[in-house]
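The values are calculated or read from the model by the stated rules, or taken from the named source; none is laboratory data. In this text the structure is predicted, and so the values were computed from the model without any measurement. Using ideal geometry, Cβ is built from the backbone for each residue, glycine included, and neighbour counts are taken over all protein chains shown. All accessible areas refer to the heavy atoms of the entire protein, side chains included, with ligands and DNA or RNA removed. Shrake-Rupley method; radii C 1.70, N 1.55, O 1.52, S 1.80 Å.
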Amino acid sequence: QVQLVESGGGLVQPGGSLRLSCAVSGIVFRNYAMGWYRQAPGNQRELVAVISSGGTTNYADSVKGRFTISRDNARNTVYLQMTSVKPEDTAVYYCNAHLFVLAIKKEYDYWGQGTQVTVSS
C-alpha cells in the first residue's frame, strides 16, 4: 500500500519560515519524481516545486528564491523549506510522487492527504 504522509504545516507569521516533510512508503522512492503542490480556497491545485529522481529541481515563479525542495532517498522523505512566507502562500500543501515507465507506457501517480499552511499575523 502506497502512503504519502505530510507533516510540518501550521500557522506562521509573514516573513517566517516553515519546513514541510512528506514520508513515503510502498514505492521505490528513489525512482520517483517528487513534487509539492498547493491549493488555496477557490483556486485550482498548482505546482509549487518538483525534484526529479536525479535531483533536478524546478519551482513556480511565485516561490523561486524563497522555497527549497529536497529529498533524502535514505529516509524516503521529501522536504519543502519555506522562507520569507507571504499571506498568499496560505493553502493546503500536497505531496506527490510521479513515475512514468516508458517501456510499458504506464504512469504512476500518488498523493498525500495534504497539510494546511496558514500565513497570518
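Accessible area per residue, 1.4 Å probe, Å², for region 1-50: what's the number?
Details: 2670 Å² over 50 residues.
That works out to 53 Å² per residue.
Please report Rg (one decimal) and Dmax (integer) in Å for the Cα set of region 1-97.
Computed over the Cα atoms of region 1-97, radius of gyration and Dmax are 12.9, 38 Å.
How many percent of the accessible area of the chain is carbon or sulfur, using a 1.4 Å probe? Each step should come with its number before you reach the end.
Working: 3070 of 6580 Å².
Using a 1.4 Å probe with all protein chains present, the chain comes out at 47 percent carbon and sulfur.
How much net charge surrounds V63 when only the other residues with a Cβ under 12 Å from the Cβ of V63 are counted, with Lys and Arg +1 and Asp and Glu -1?
Working: positive: R38, K64, R66, K86; negative: E46, D61, E88, D89.
Local charge sum for V63: 0.
Enter the accessible area per residue of region 59-100 (Å², integer; probe 1.4 Å; all protein chains in place).
On the way: 1930 Å² over 42 residues.
Averaged over the residues of region 59-100, the accessible area is 46 Å².
At a 10 angstrom cut-off on C-beta neighbours, averaged per residue, how do the peptides 72-80, 25-33, 100-108 rank from highest to lowest? Please report the intermediate quantities before stating the final value.
Details: 72-80: 17.7, 25-33: 15.0, 100-108: 8.7.
Packing order, densest peptide first, comes out as 72-80, 25-33, 100-108.
Modelled label-to-label distance, E88 and Q1, 7 Å Cα→beta-carbon offset: nm?
Computed distance between label sites E88 and Q1 equals 4.0 nm.
What are the ³J(HN,Hα) couplings of region 62-75, residue after residue, when phi is run through the Karplus curve with 6.51, -1.76, 1.60 and θ = phi - 60°? Round to Hz, x for glycine and proline.
So the J values, rounded to whole Hz, are 5, 10, 4, x, 10, 10, 9, 9, 8, 9, 10, 5, 6, 9.
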